[in-house]
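Comments concern the structure below.
The values are calculated or read from the model by the stated rules, or taken from the named source; none is laboratory data. Fair warning: this is a prediction, and the values are worked out from it, not measured in the lab. Neighbour counts run over all protein chains shown; Cβ positions are idealised from the backbone, glycine included. Protein only, heavy atoms only, side chains kept; ligands, DNA and RNA dropped before computing areas. Shrake-Rupley method; radii C 1.70, N 1.55, O 1.52, S 1.80 Å.
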Amino acid sequence: MNILKSIIALFFLICSSYASTLKPSHKFVASGGVNDIVIANQTLYVATSSSKVDIFNLNTQEHIKSISIPQIKDFMGDIIDSKIYSVDVLKDKILILSQGAKGGRNIDIYQNGKLENIISDTKRLFIAKAKFVNDDKIVFSLLSNQLYLHDVMHDKTLYIKQVSQSKFSNFILSENKKEIIIADESGDLQQYDLLSGQHKRSYENQNLDNVFQIDLKNSVILTAGQDRRAVVYNQNKTYYKNSSFLIYSCGLSPSGKLGAYSFNEDNEVNVFNTQTKKDLYTLTSNKMTLTKILFINEKEILVSSDDKNINYYKLKK
């Protein structure tokens, strides 16, 4: 009997050491491949490669409307869809970074049914990402890793910072939007005071190659690295989790207690406890390379990819 109890106990121990496999319980279907997603006021905003920002009600899962961006001419003179690289929301305003003519980029603000151009593609700025800072200011970064703080009200650039000589990859703003952390091809992270542009800190020697994405929640930082490392910086306690494949995307829950990153060739996502390092869930059924992992809360996650589908997962209790 004691031997049987030991076998049963060992069985449950082995089972509990493996992450639970979850399939999506719902899919939001966008108008094209998804490049970026954000949530504001229980509404999902989706930047696509089909000249549209699709908007969904997060609760009812219904499509509300789409914002169309003008198509562009490619280098051959053919009319093509404009790829929307990033989207952001502040109150009733939507910030849209999109592909322009001849390789340039446009930044527009959509409000009251109208698009207002803030940065024109004629300036030939190769902008990779743009976000709101407040009602008056936006921040954006070029592929050359120059960081711009721009005053929208006065159409004035307040500063330009050359973060490093490495190619820009991604940035993330702190929840209070007072700080920004920039990731690039070097693998190091640079933290700045957003309004003054003053450098505050470097995070070095953990990722050894390009950091594709970065997230920051409740003072916890998570990276997605080309070196197959998902690095966690947690109040001076730093470690990394290895992957069998390039890590293209990562995300943190609002508390920072849960992290998630793509970890294999099947575009599956590993959800883990950032404090104990324990793997909790494997999220499956993502068909293409991931573009964003976004926690709605501690129990719900959205995963987008180059595919039209945005997968919704409900974590078990």
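Computed quantities for the displayed model
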quantity: Matching residues in the stretch 212-256 - criterion: being under 14 Å from G187 (Cα atoms), of a type in the set (V, I, T) and either touching a Phe, Trp or Tyr at 6+ places or on another chain (Cβ under 6 Å) or surrounded by fewer than 18 Cβ atoms within 10 Å (Cβ to Cβ) (or both); calculated: I221, V231, V232, I247
quantity: Scope the stretch 116-126; condition open to solvent by 30 Å² or more (accessible area, probe 1.4 Å) and β-branched (V, I, T); matching residues; calculated: T122
quantity: Within the stretch 79-100, tally of residues that are within 12 Å of A47 (Cβ to Cβ), in a strand (DSSP E or B) and among the charged types (D, E, K, R); calculated: 1
quantity: Some residue of the stretch 35-44 being of a type in the set (S, T, Y) and not in a strand (DSSP E or B); calculated: no
quantity: Members of the stretch 39-55 that are crowded, with 17+ Cβ neighbours inside 10 Å and closer than 12 Å to I310 by Cβ; calculated: L44, Y45, V46, A47, T48, D54
quantity: Pair list, Cβ under 6 Å, 6 or more apart: the stretch 47-68 residue on the phi > 0 side of the Ramachandran plot, other residue open to solvent by 50 Å² or more (accessible area, probe 1.4 Å) and part of a loop (DSSP other than H, G, I, E, B); calculated: S51/Q71; S51/D81
quantity: Residues being open to solvent by less than 50 Å² (accessible area, probe 1.4 Å) and either hydroxyl-bearing (S, T, Y) or assigned to a strand (DSSP E or B) (or both) - total across the stretch 56-78; calculated: 5
quantity: Residue in the stretch 76-92 that is at negative phi and out of contact with any strand residue (DSSP E or B) (no Cβ under 9 Å at 6 or more places or on another chain) present; calculated: yes
quantity: Qualifying positions in the stretch 45-89 - out of contact with any Leu (no Cβ under 6 Å at 6 or more places or on another chain) and more than 25 Å from F140 (Cβ to Cβ); calculated: N57, N59, T60, Q61, E62, H63, I64, K65, M76, G77, D78, I79
quantity: Of all residues making up the stretch 275-284, the number that are open to solvent by 40 Å² or more (accessible area, probe 1.4 Å) and either touching a Gly at 6+ places or on another chain (Cβ under 7 Å) or not polar (S, T, N, Q) (or both); calculated: 4
quantity: S98 under 18 Å from V139 (Cβ atoms), open to solvent by less than 50 Å² (accessible area, probe 1.4 Å), of a type in the set (S, T, N, Q) and out of contact with any Leu (no Cβ under 7 Å at 6 or more places or on another chain); calculated: yes
quantity: Pairs with Cβ under 9 Å, 6+ apart, first in the stretch 88-100 and within 8 Å of A130 (Cβ to Cβ), second among the aromatic types (F, W, Y); calculated: D88/Y45; D88/F132; L95/Y110; L95/F132; L97/Y85; L97/F140
quantity: Where a residue in the stretch 176-191 is of a type in the set (G, A, S) and its partner, wherever it lies, is in a loop (DSSP other than H, G, I, E, B) and crowded, with 22+ Cβ neighbours inside 10 Å, with Cβ under 7 Å and at least six apart; calculated: G187/N207
quantity: Of residues in the stretch 23-34 being over 21 Å from Q213 (Cα atoms) and part of a loop (DSSP other than H, G, I, E, B), the one most open to solvent (accessible area, probe 1.4 Å); calculated: K23
quantity: Among the candidates F272, F295, residue that is within 19 Å of L173 (Cβ to Cβ) and in contact with a Gly (Cβ under 8 Å, 6 or more places away or on another chain); calculated: F295
quantity: Test: residue in the stretch 176-197 that is surrounded by 15 or more Cβ atoms within 10 Å (Cβ to Cβ), of a type in the set (F, W, Y) and touching a Ser or Thr at 6+ places or on another chain (Cβ under 8 Å); calculated: no
quantity: Search result, residues across the stretch 284-315 that are over 23 Å from N57 (Cα atoms) and touching a residue at least 24 places away in the same chain (Cβ under 8 Å); calculated: T284, M288, T289
quantity: Those residues of the stretch 127-169 which are polar (S, T, N, Q), over 17 Å from the mean Cα position of the chain (by Cα) and open to solvent by 10 Å² or more (accessible area, probe 1.4 Å), in sequence order; calculated: N134, S144, Q146, T157, Q162, S164, Q165, S166
